Each structure stands twice: as structure tokens, then as C-alpha cells.
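S.K.: One structure follows; several queries about it will come next.
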Amino acid sequence: MNPVADKPELAEPYMFAWLASLGLGVEYTRSKKDSLYYRDAGGAEIEVLDLVGGYGSTILGHNNPELIEYTKSLLDSDTPIHAQFSRHPYANNLAWTLNTIAHREFDTDENYAVIFANSGAEANEVAIKHAEMDRMLKIGEALAEVEAHIEAAVAAVASGATVDASPLRGSDIDEVVAALRAANAERAATPPVYLAPVGSFHGKLAGTIQLTHNFAYRTPFIAMAAQCRFVPLDQPDVISDAIAAESRTLFDLAVDGDAIRVVERPLPVISAFVLEPIQGEAGIRILDAGAVARLRELLDAADIPVIVDEVQSGMGRSGAFFAASHLGLRGDYITLAKSLGGGIAKAAVTLIRSSRYRADFELVHTSTFAKDSLSTLIALRAVELLEADGGAVYRLAAQRGDKLLAMLRALRDEFGDVVKDVRGKGLMVGLEFHDLSGSASEILAEQARGGLIGYMFSGYLLREHNMRVFPTASATSTLRFEPSVYITDEEITRTEKGLRALITLIRAEDGKTLLG
Ligand code: F0G
């Protein structure tokens, strides 16, 4: 399966070698619905059941026929794809449609402004940049108020008021004002901090990688961007402590009759709380609705916005368009990507609640490719397909997901010594294996200790059962299942057969057969 033998591998060469070593370096030549196809050495086409689903991008299946036909029609009619800085009614149609869905699922009539991006990480970068711009503008507004109070204090001193410098220093109003301004300048420059639940995954760009908990991905780039504190969502005390630990103040002056005092006012430092309603890369973990409600109270009290990352969980996968709607969590920001492009285009958006929206953001954040007509129109059509027939696709996602979960739960019940847990909602499902680092099989123990065991299982399932399944990125003993809504009963049975064989080999500690 080496594509061109006489050319050295230069396209991310290490990755290719690693995938090849696990038997995963297959070149797929065709895809449809939940199937990918490759050609074997003899040229015969082999069908593979794809449960990875483009890492969550193909809720409507690979090469969805309606979306393909529509895309062709756009290209055949010479649709202008790149006409930046002109009127884009199609983008407004998508923004409108997404707002209609948000109004319905979150029972609100507040609008979201929509900013366009090209990938999930980029949509999250838009959200954190906007939150930071909002924080900086708020600091600027607070400092302007402080200046107005300084002016009033100076006038009061001229009319005979006296100033108490404490806790600053200074023997007259000029010295106190100078000390106050110097202290405020230093405090206002405090770098922003983000909060996120333990296990979070929000992308791998310079800013978002700091919101991604995985140590190996995050730490090489720690000096590049604002830091995130990872908090356990089920421990509200720890979250309140984290908020308190990041609390800072600005100095201000208060005129009280003839006395002028130095007072303190809050300085916003925590830019946002970022979360996935169903954590994907942490091993498919649904956030607890009670914990989320308590979190929202704490954040509202401190005026900290919530960025809800629906890059993986959104677009119907959970049985509703927004997975956060099951938790009753209306984000201040909502990000979408992956299946938004209908499995064809690269499309991403950031929804920003009107009450927090800073219109100037549009002047400072743009991207050449974001909002191009081809991907935006495909995204709009994909959303229309999701919304068609009163949400038939959402019902299908819930129903297919229940079927898949029931099959996996039966396996857990039967093989509790091998399968530790089965979790998920709709078509975002995970199966976690017990830790094998103490296995009697050297191969299994070594792979488990190296954090690669899930990929070894992937290699086995592909090789022996023509099934494509991958582990979650930061919890590699959990296999993820994210097929399209069109997965059939027969395909679920096929999945069961492959997993049964895998589990049987794990139980027998047959590392050799698994490694192949
Ligand atoms: N947010 C979430 C919740 C994700 O799962 C991902 C990607 C991203 C953001 C970043 O999106 O790749 O388009 O920049 N998850 C991939 C995965 C890596 O394994 O499912 P991106």
C-alpha cells in the first residue's frame, strides 16, 4: 500500500511510518455512507465499515448523495467562491438558520452574531480572542471610570477635602494619584486565564492547545499563549477556589463627603470557561447536568462567559442539534465545525451571544477562506438536511445511538472483566477497556504502558474484520464510535462480531494475534 515506491514519503513522514507499523497505513480510494474502500494487492476492492466517521465529520455519511449533487450544481453554475468583502446573503442564511435552531433548543429569543472560520480549533480561537477583546474593553471601561473618579477627587481636594493614601503611599493627592495609576497599569496587564474541565480538548492551534488538557500536546507550547486551569466539574468548591485564586482588583478613589479614600474594584482576569457538553477526546464523557447548572451559577456570579465547544458533539450527533441543549446550558459562545461541512467542506462558525457581542471584533479578525460561498452553502444545505422533516435526523441519531449503545452495554455485561465501561449519547459513543499494563502478555502490557493499546486494537479490527475504529485522542484505552445516522442494524451486528473477537483475544491475553 505504499503509494509511489520511488518517491520518499515527505507528507508528514513520521505519521505515515507509524500508521504503517500498526497496519493502519491503508490508502482508501472510495467512500460512501459508512463505508471506506481500498484495493488489496490483487486489485480487488475491499469494503471497510467506518466507525470513525471522519472524526465526527460525517453525521450525514461519506459523500452524501444530496450534498454531492448540490455541490456539483454549485460548481457547474460557476458560483463565485471567493468574493471577499462583498455582500454574502448565503452566510446570513446560515447564521439565521443556526439562530432559529438555538432559539428553539435553548428556549430564548436572544440572537447570536456569527463569525466564520475554517476548522474547529479556529472557531475556538475566535471565541477566546473575542472573550479576551471583551475583557480588555471592560478593563479599559473600568480605567476610564477610575480616571473620572480621580478628576472628581482632585476637584474635591481643591475645595478642601482630605485624602487618605492607605493602602497606597503619598502625602498629597498628586502622589496618591501617581501611585494609583502605576499600580493599576501593572494590575491591568495581568495575563488572562481560562478555566476548563479536566480532560478538555479544544484544538491544537497556539491558543487552543493551552485549553487542551493532554500534557504531551500542550506542554511544549506552554510559553506561547494564555494559560488554562483545569478543574474537576464535580467539585464546585475547587471551581470557586480557582475563581477566587484568580481574583484581582484595580484601585479606585471614592469621595465620601470631605474624605477621599482609596478603594478596590474587581479586575476581570478569567477570560472564559471553555467546555465540551460531551467530552470527546477525554474518552466520551457526558457532562453532568447538575454540575453544569452549579457551574453556570458560579460563573454568572463572577460574570465569566461560557464557551460551549460543540465542534464534535453538535450538528445532531447527540439527538439534538446542540448537545448542550440536553444540559440546559445556553453558551455565551458556541463553536461548530466537523459535520457542519456535511462531510465535504471545511466549515466552522463561532456563535456569540448578542448581549456580549463586540462589533469591533469584525474589524480585527478575518480569514481569507472563511465564509467562502462553496463551504458556507454546503454547510447551509447540511443544516437544512438535519432540520428536514421536523428533525427526523435527530430522532434517527438518538434511535441508532440507542441501538449501538445497547449492543455495547450487552458486551460490557458479558465481558465485565475486559470491558470497563460503555458511555455516550446518540452517535457519540465510547467503550473503555480495563487497564492492561499489568497483563501477563508482554505485548499487551507494553502497548498499554506506552498509551498505544487502542491503536493496536484498531489495527487488529481493520486487518481481521474490515472495521475502522480509533481510540479517543487523550484516553487511548477507549474506542470511539461515531458513525453516520444511516448505520444499519446489520452494520451494528458486524461491529458486535468484530468486538467480540477482539474481546475474546484480550481475555485470552493473546497479544501476538492482536499485534498481527
Ligand atoms: N474541539 C473539539 C471538541 C474537538 O474534538 C476537536 C477535534 C477540535 C475542537 C479541533 O477541531 O481538528 O477541526 O481543529 N477533535 C479531533 C478528534 C482531533 O480527534 O476528534 P479541528
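S.K.: Please go through (1) crowded, with 20+ Cβ neighbours inside 10 Å; (2) over 25 Å from TYR394 (Cβ atoms); (3) away from the ligand (no atom under 16 Å from the Cβ) for LYS420 and return the number of the only condition it doesn't satisfy.
M.R.: The one condition LYS420 does not meet is (1).
S.K.: Considering only the range 87-129, state which residues are touching a Lys or Arg at 6+ places or on another chain (Cβ under 7 Å) and within 16 Å of the ligand (Cβ to nearest atom).
M.R.: Step one: filter the range 87-129 for residues touching a Lys or Arg at 6+ places or on another chain (Cβ under 7 Å), giving 88, 91, 106, 108, 110, 112, 116, 118-121.
If the condition is that a residue be touching a Lys or Arg at 6+ places or on another chain (Cβ under 7 Å) and within 16 Å of the ligand (Cβ to nearest atom), then PHE116, ASN118, SER119, GLY120, ALA121 are the ones that fit.
S.K.: Give the range 171-199 a look and list any residue that's touching a strand residue (DSSP E or B) at 6+ places or on another chain (Cβ under 8 Å), among the small types (Gly, Ala, Ser) and either over 18 Å from LEU275 (Cα atoms) or outside any loop (DSSP other than H, G, I, E, B) (or both), or say none.
M.R.: ALA183, ALA188, ALA196
S.K.: Tell me, please, whether a residue that is assigned to a strand (DSSP E or B), within 16 Å of the ligand (Cβ to nearest atom) and either surrounded by 20 or more Cβ atoms within 10 Å (Cβ to Cβ) or aromatic (Phe, Trp, Tyr) (or both) can be found in the range 457-468.
M.R.: Yes, the range 457-468 contains at least one residue that is assigned to a strand (DSSP E or B), within 16 Å of the ligand (Cβ to nearest atom) and either surrounded by 20 or more Cβ atoms within 10 Å (Cβ to Cβ) or aromatic (Phe, Trp, Tyr) (or both).
S.K.: Considering (1) part of a helix (DSSP H, G or I); (2) under 27 Å from LEU137 (Cβ atoms); (3) not hydrophobic (A, V, I, L, M, F, W, C), say which one THR219 fails and leave the rest.
M.R.: (2)
Residues are listed down the side, and each one gets a yes or a no for (1) buried (at least 23 other Cβ atoms within 10 Å of the Cβ); (2) part of a helix (DSSP H, G or I):
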residue: ALA440; (1), (2): no, no
residue: TYR486; (1), (2): no, no
residue: GLU496; (1), (2): no, yes
residue: LEU505; (1), (2): no, yes
residue: LEU514; (1), (2): yes, yes
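S.K.: Considering only the range 271-284, how many residues are more than 12 Å from the ligand (Cβ to nearest atom) and not small (Gly, Ala, Ser)?
M.R.: 1
S.K.: If I ask for residues that are in contact with a Ser or Thr (Cβ under 8 Å, 6 or more places away or on another chain) and in contact (Cβ under 8 Å) with a residue 40 or more places away in the chain, which ones from the range 461-473 would you list?
M.R.: Residues satisfying the conditions are MET467, ARG468, VAL469, PHE470, THR472.
S.K.: Oh, and also: Taking the range 185-199 as the search range and keeping residues that are surrounded by fewer than 21 Cβ atoms within 10 Å (Cβ to Cβ) and in contact (Cβ under 8 Å) with a residue 24 or more places away in the chain, which one is farthest from ILE128 (Cα to Cα)?
M.R.: Going through the qualifying residues, I end up with ARG187.
S.K.: How many residues does the range 263-296 contain that are touching a residue at least 60 places away in the same chain (Cβ under 8 Å) and in a helix (DSSP H, G or I)?
M.R.: Taking the range 263-296 and keeping what is touching a residue at least 60 places away in the same chain (Cβ under 8 Å), we get 265, 267-276, 278-287, 295.
So of that shortlist, the ones also in a helix (DSSP H, G or I) come out as 295.
Selection size over the range 263-296: 1.
S.K.: Starting from the range 430-442, keep only residues that are farther than 30 Å from GLY56 by Cβ, then list their pairs with residues that are surrounded by fewer than 19 Cβ atoms within 10 Å (Cβ to Cβ) and acidic (Asp, Glu) whose Cβ atoms are within a distance under 8 Å, requiring at least 6 positions of separation or different chains.
M.R.: Between residues of the range 430-442 that are farther than 30 Å from GLY56 by Cβ and residues that are surrounded by fewer than 19 Cβ atoms within 10 Å (Cβ to Cβ) and acidic (Asp, Glu), the close pairs are SER439/GLU509; ALA440/GLU509; SER441/GLU509; SER441/ASP510.
S.K.: While we're looking at this one, here's another question. What are the pairs with Cβ atoms under 9 angstrom where one residue, in the range 200-214, is within 10 Å of ALA121 (Cα to Cα) and in a loop (DSSP other than H, G, I, E, B) and the other, located anywhere, is basic (Lys, Arg) and more than 7 Å from the ligand (Cβ to nearest atom)? Sequence gap at least six, or different chains.
M.R.: Pairs found: GLY207/LYS129.
S.K.: Hey, can you tell me all the residues within the range 334-370 that are hydroxyl-bearing (Ser, Thr, Tyr) and within 12 Å of VAL311 (Cα to Cα)? It would help to see each step written out before you state the result.
M.R.: Our first condition is that a residue be hydroxyl-bearing (Ser, Thr, Tyr); within the range 334-370, this holds for 335, 339, 350, 354-355, 357, 366-368.
If the condition is that a residue be hydroxyl-bearing (Ser, Thr, Tyr) and within 12 Å of VAL311 (Cα to Cα), then THR335, SER339, THR350 are the ones that fit.
Readers should treat all values here as calculations from the given coordinates under stated rules, not as data from a laboratory. Bear in mind that the values here come from a model prediction, so they are computed numbers and not experimental data. FYI the Cβ positions are ideal-geometry reconstructions off the backbone, even for glycines, and counts take in every protein chain you see.
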